[in-house]
Amino acid sequence: MTIKEIAELCGVDKTTVYRWVEKDDFLSCEMQLRKSIIKKIKKGSPEKPSDFSLEETLAIIGDGGGNKTLAALLEENSRNKNALSIEARTGIVQAVSAFNSRLERIEKTLEELSVIKSAVLRLTDGLQGQVSQNRSAELDEDICLFYKNHIDDTVSRIIYTKAINLWELFKYEYPNKYRKAEFMERFKSMYRQFTFERYKSVDVFWGFRLFDTRGVC
């Protein structure tokens with residue numbers, strides 16, 4: 001078989017087959033066979049692609065591609081062909097038909113697995129979306145409570161608070177729960193009345209000050 005034929009049989013592209021052969025653990029216990037395969041690949045060309053023996057083909061599919069079931073079917077089919085080579089043509093056709101039937105069953109199984117995988121991915125995406133929504137709602141609740149307990153917005157608009165101080169106090173209230181960027185973006189979105197800007201090389205919010213009855217600030 002050629003690389004193209006192996007790729008078509010396995011349902012992949014030629015580049016994938018080349019990667020199988022280039023893996024460090026490919027035929028690590030059969031270096032002579034590995035060298036033979038790699039040598040053929042290097043000598044091959046688009047005009048005259050390398051033609052691999054049955055042993056080499058089985059190694060590429062089974063060891064390289066990890067598809068030992070397909071490799072076993074190919075090997076069995078080859079033995080059947082050799083055993084039946086002296087019999088009538090109908091016998092050979094039956095052996096090939098049986099092999100094709102097995103391939104069809106494999107393809108059907110792969111299709112069913114693909115459907116199951118898609119369903120699992122949809123379920124996972126849904127769960128992740130729900131978790132994200134729950135986290136956003138929880139962050140909003142925590143920010144609202146934090147605002148009530150620690151932010152005085154009755155001060156003059158010329159009063160500013162350093163963003164880093166705001167984050168440090170919030171982090172003290174909710175340790176290891178949220179990321180700084182996550183909190184900052186949500187806080188700015190919820191309280192647009194406070195101007196956020198760079199002032200004297202420091203990020204600040206104008207229009208409120210922090211307070212804490214426990215002396216954390």
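The values are calculated or read from the model by the stated rules, or taken from the named source; none is laboratory data. Note that this is a predicted model, so its numbers are computed, not measured. Cβ placement follows ideal geometry from the backbone for every residue including glycine, while neighbour counts extend to all protein chains displayed. Remember, those area values only see protein heavy atoms, side chains included, never the ligands or the DNA or RNA. Shrake-Rupley method; radii C 1.70, N 1.55, O 1.52, S 1.80 Å.
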Self-check item: Segment residue 181-residue 122, extension gain: residue separation times 0.36 nm, minus the distance between their alpha carbons
Solution: 18.4 nm
Practice problem: Report the charge-dipole magnitude of the chain in Debye, nearest 20, computed about the Cα centre from +1 at each Lys and Arg Cβ and -1 at each Asp and Glu Cβ. | Solution: 580 debye
Quiz item: Any idea what the alpha-carbon Rg over 2.2 N^0.38 Å comes to for the range 109-206?
Solution: 1.58
Self-check item: Amide hydrogen neighbours beyond the local backbone of residue 195, cut-off 5 Å, H modeled
Solution: 206
Quiz item: What are the ³J(HN,Hα) values, in whole Hz, obtained from phi via the Karplus relation 6.51 cos²θ - 1.76 cosθ + 1.60 with θ = phi - 60°, for each residue of the range 71-77 in sequence order, with x given for Gly and Pro?
Solution: 4, 5, 5, 4, 5, 5, 5
Self-check item: Principal-axis tilt of helix 89-150 within the chain, Cα atoms, nearest 10 degrees
Solution: 10 degrees
Quiz item: Given 0.36 nm per residue, what is the gain on full extension from residue 114 to residue 51 after removing their alpha carbon distance, in nm?
Solution: 19.5 nm
Quiz item: Tally Lys and Arg at +1 and Asp and Glu at -1 over the other residues with C-beta under 12 Å from the C-beta of residue 188: what net charge comes out?
Solution: -2
Quiz item: Rounded to the nearest 0.05, what FRET efficiency do residue 101 and residue 188 have when you use their Cβ-Cβ distance and R0 = 45 Å?
Solution: 0.10
Practice problem: Check each of the chymotrypsin sites (Phe, Trp or Tyr not before Pro) in the range 153-215 and keep only those in coil by DSSP with at most 15 other C-beta atoms within 10 angstrom; list them in order. | Solution: 211
Quiz prompt | Kirkwood Rh in Å, taken over the range 45-84 so that all alpha-carbon pairs contribute | solution = 11.0 Å
Quiz item: Under a 5 Å amide H to amide H cut-off, with H placed in plane at 1.01 Å, what residues pair with residue 2 once short-range neighbours are removed?
Solution: 52
Self-check item: Length gained when the stretch residue 32-residue 76 is fully extended (0.36 nm per residue, less Cα-Cα span)
Solution: 13.5 nm
Exercise. Report residue 179's accessible area, 1.4 Å probe, all protein chains in place, as a number in Å² to the nearest 10.
Key: 150 Å²
Quiz item: Once amide H atoms are placed 1.01 Å from N in the peptide plane, what residues at a sequence separation of 5 or more from residue 160, or on another chain, have their amide H within under 5 Å of its amide H?
Solution: 207
Exercise. Please give the solvent-accessible surface of residue 110 in Å², to the nearest 10, using a probe radius of 1.4 Å with every protein chain present.
Key: 110 Å²
Quiz prompt | Relative contact order for the range 14-69, counting Cα pairs under 8 Å that sit 6 or more residues apart, in percent | solution = 41 percent
Exercise. Roll a 1.4 Å probe over the protein heavy atoms and report the accessible area of residue 51 in Å², nearest 10.
Key: 100 Å²
